[in-house]
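The values are calculated or read from the model by the stated rules, or taken from the named source; none is laboratory data. A quick note: this is a predicted structure, and the numbers were derived from the prediction, not measured. Cβ sites come from the backbone with ideal geometry, for glycine too, and all protein chains shown count toward neighbours.
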Amino acid sequence: MKSIRALTFDLDNTLWETDLSILNAEDVMAAHLRDLTPAAWMADFSLETFRAVRQQIVQEQPEIAHNLTVVRRQTLVRWFQHQGATEAEAEELAGEGFRIFYQERQKVKPYPGTVETLSHLSKIYPLAAITNGNADLMAMPLGEYFQFSLQSQHFPKPKPDPIMFEEALARLNIEAHECLHIGDDIEHDVIGASQVGMKTVWFNTHGRTPEQAVPADHTITRLEQLVDLLTPHD
């Protein structure tokens, strides 16, 4: 792949297992809020009830669905208002709950080989991240290998819309065909990046068997395979 001059990566379920970090962050958040509020306000709180309220928020305001920070804060506000909190109390508790959640959400465990692979590739290519999540990559240890990270909450639309891919290309100052995008989501990553002309790698994280052919240029099951893929062979 001699024409490749830069690499862009998805984050969640590409560099780490997202569900583990999210579940842990939600547990820590709930425990913290129980310490701050009357017992009755958190008596019925569970991840299931919290996510049900979140789904209501998204259904009512689909335009904010890609902004996970706003959705989570609004969900907490509604939860506490339904428990009898004043608007000011609900806003304060939502802010504190999100602060704890976001702090814990950054404590991800990279997939095996991720650190070594990124360290190697970052010495050869500029690396950037394009995510529909709200992980703060540049505040994590992995951030040292990246030039920048784009989050959908800062854009009008999430992947697979072309806007974030085009912004990444502009910042990297390269043409679309000179960039290789790596991600686990067929629609958001493979199709989204392909539509703007980028080369793509589907990272089949969990060894899935798709119902239809995946329109990626390459498929990998371990991130280390990128090194061989990008190494010229005679």
(message) Looking at the structure I just gave you, is Glu178 in contact (Cβ under 8 Å) with a residue 40 or more places away in the chain and in contact with a Ser or Thr (Cβ under 7 Å, 6 or more places away or on another chain)?
(response) yes
(message) Looking only at residues that are under 10 Å from the mean Cα position of the chain (by Cα) and touching a residue at least 40 places away in the same chain (Cβ under 8 Å) in the range 129-148, which one is farthest from Asp185 (Cα to Cα)?
(response) Leu137
(request) Answer with yes or no whether Thr49 is over 18 Å from Glu91 (Cα atoms), polar (S, T, N, Q) and not in a helix (DSSP H, G or I). (result) no
(request) Only residues that are modelled with pLDDT of 95 or more, under 30 Å from Leu15 (Cα atoms) and either among the acidic types (Asp, Glu) or in a loop (DSSP other than H, G, I, E, B) (or both): list them for the range 62-103, please. (result) Glu96
(message) If I ask for residues that are in contact with a Lys or Arg (Cβ under 7 Å, 6 or more places away or on another chain) and either assigned to a loop (DSSP other than H, G, I, E, B) or of a type outside the set (A, V, I, L, M, F, W, C) (or both), which ones from the range 129-151 would you list?
(response) Asn132, Ala135
(request) Would you check which residues across the range 107-127 are touching a residue at least 60 places away in the same chain (Cβ under 8 Å), in a loop (DSSP other than H, G, I, E, B) and more than 13 Å from Leu15 (Cβ to Cβ) and list them? (result) Lys107, Ile124, Tyr125, Pro126
(request) Take the residues in the range 113-129 that are farther than 20 Å from Phe165 by Cα and among the hydroxyl-bearing types (Ser, Thr, Tyr), then tell me which one is surrounded by the fewest Cβ atoms within 10 Å (Cβ to Cβ). (result) Ser119
(request) For the range 132-154, state whether one or more residues are under 18 Å from Thr200 (Cα atoms), touching a Phe, Trp or Tyr at 6+ places or on another chain (Cβ under 6 Å) and surrounded by 18 or more Cβ atoms within 10 Å (Cβ to Cβ). (result) no
(request) Quickly run through the range 1-18 and pick out the residues that are over 17 Å from Thr114 (Cα atoms) and of a type in the set (D, E, K, R). (result) Lys2, Arg5
(request) Working only within the range 30-64, note down all residues that are within 11 Å of Gln83 (Cβ to Cβ) and among the small types (Gly, Ala, Ser). (result) Ala39, Ala40, Ala43
(message) Checking the conditions here, which among Gly183, Gly192 is buried (at least 22 other Cβ atoms within 10 Å of the Cβ), in the same structural domain as Asn132 (by TED's automatic domain parsing), in contact with a Pro (Cβ under 8 Å, 6 or more places away or on another chain) and under 18 Å from Ala129 (Cα atoms)?
(response) Gly192
(message) Please go through the range 54-109 and give me each residue that is polar (S, T, N, Q) and touching a helix residue (DSSP H, G or I) at 6+ places or on another chain (Cβ under 7 Å), ordered by number.
(response) Asn67, Thr69, Gln74, Thr75, Gln81, Gln83, Gln106
(request) Test Arg105 against the stated conditions and say whether it is out of contact with any Cys (no Cβ under 8 Å at 6 or more places or on another chain) and closer than 25 Å to Glu187 by Cβ. (result) yes
(request) Kindly indicate which of Val70, Val58 is free of Cβ contacts under 8 Å to residues at least 60 places away in the same chain and either surrounded by 14 or more Cβ atoms within 10 Å (Cβ to Cβ) or over 15 Å from Thr37 (Cβ atoms) (or both). (result) Val58
